[in-house]
Amino acid sequence: MDRIIDIVLPAIPQTLIMVIASTIIALLIGLPLGIILTTTRPGGLTESLKVYSVLDGIINILRSFPFVILMIVVFPLSRLIVGKSYGTAAMIIPLSVSAAPFVARLMEGYLIQVDSGIIEAAKSMGSSKREIIFKVLIPEAMPMIVTGITMTVINVIGYSAMAGVMGGGGLGDVANRYGYQRNEPLILWSAVLVIIILVQIVQFVGNFLTKKIDKKK
């Protein structure tokens with residue numbers, strides 16, 4: 001038992017660092033992109049087919065990459081920013097690049113679901129496009145946005161396990177190095193159990209916040 005604790009416990013902070021940092025970066029990139037996609041799409045507040053087509057194409061291409069291949073492609077960027085292509089810090093880059101398009105597409109999907117009648121009412125009251133975006137679109141879609149953030153964190157937890165196998169450390173590395181390569185099933189399943197617990201915690205918190213925001217509306 002002590003051996004399991006000594007091996008698995010230090011891997012948890014590494015996984016959390018990868019997940020939290022990557023999610024924050026992905027949200028900082030993905031949320032604005034989702035807003036731009038929503039407003040520039042046909043019939044949007046600031047319709048621009050050229051801008052929409054370019055962004056839509058880039059996001060579709062990035063989302064088409066399997067994560068393992070995307071990591072390999074992005075490793076030079078990791079070396080440029082972090083100075084190396086392995087380790088927890090280095091893996092934050094490919095995790096962020098992978099999650100940002102996912103966030104952008106989710107946000108676009110949620111924002112376009114906002115009732116057009118509410119938007120038209122805001123326009124008739126003289127609201128600017130900026131006010132409509134930040135005082136109508138985003139608040140109305142907030143419960144769905146929280147759901148999207150929850151989904152993103154859970155996806156990043158799964159990707160972080162793959163990143164661990166590729167030299168990123170964390171629970172994925174422990175499961176691979178000890179559980180698979182050294183054939184220690186107790187350590188393997190301990191790492192899996194921790195990942196499952198993390199996912200359940202994230203899902204519980206996400207559901208709680210979504211219901212709370214929905215009730216306020």
Cα gyration tensor category, rounded, prolate or oblate, for region 145-212 with a/c compared to 1.5: oblate
Kirkwood-type radius of region 66-122, with distances r between different C-alpha atoms, in Å: 13.3 Å
Region 49-99-region 167-217 distance, computed between alpha-carbon centres (Å): 23 Å
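What translational D, rounded to a whole number of µm²/s, comes out for region 54-95 from Stokes-Einstein when the hydrodynamic radius is the Kirkwood one over Cα pairs, at 37 °C and 0.692 mPa s? Walk me through the numbers before you get to the answer.
Details: Rh = 10.8 Å.
It comes out at roughly 305 µm²/s.
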Gain in span if fully extended, R182 to V205, counting 0.36 nm per residue against the direct Cα distance: 4.7 nm
Accessible carbon and sulfur surface of region 69-217 relative to its total accessible area, %, 1.4 Å: 65 percent
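When ligands, DNA and RNA are left out and all protein chains stay put, how many square angstrom of accessible area per residue does the chain have with a 1.4 Å probe?
On the way: 11650 Å² over 217 residues.
Dividing the accessible area of the chain by its residue count gives 54 Å².
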Nearby lysines by direct alpha-carbon distance to K212 (threshold 20 angstrom, same-chain neighbours under 8 apart not counted): K135
Extension reserve of the V68-I20 stretch, reckoned as 0.36 nm per residue once the Cα distance is removed: 15.3 nm
Equivalent ellipsoid, region 1-110 (semi-axes from 5 times Cα gyration tensor eigenvalues, Å): 34, 15, 11
log10 of Debye I(q)/I(0), alpha-carbon scatterers only, for the chain at 0.07 Å⁻¹: -0.27
Choice from I81, I24, I59 showing the highest fluctuation, given a GNM over the chain with Cα pairs closer than 10 Å: I81
Label-point separation in nm, V54 to L28, each point 7 Å along Cα→Cβ: 2.3 nm
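Using 0.36 nm per residue, how much length does the chain from S124 to I197 gain when fully extended, once their Cα-Cα distance is taken away? Don't skip to the end; give the middle numbers.
Working: separation 73, 0.36 × 73 = 26.28 nm, distance 4.85 nm.
Stretched out fully, the S124 to I197 stretch lengthens by 21.4 nm.
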The chain: most fluctuating residue of F67, F102, F134 per GNM, C-alpha cutoff 10 Å: F134
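The values are calculated or read from the model by the stated rules, or taken from the named source; none is laboratory data. Note that the structure is predicted; figures quoted are calculated from it, not measured. Here the Cβ is made from the backbone with ideal geometry for all residues, glycine too, and neighbour counts use every protein chain on show. What goes into the accessible areas is simple: the full protein's heavy atoms, side chains included, and nothing from ligands, DNA or RNA. Shrake-Rupley method; radii C 1.70, N 1.55, O 1.52, S 1.80 Å.
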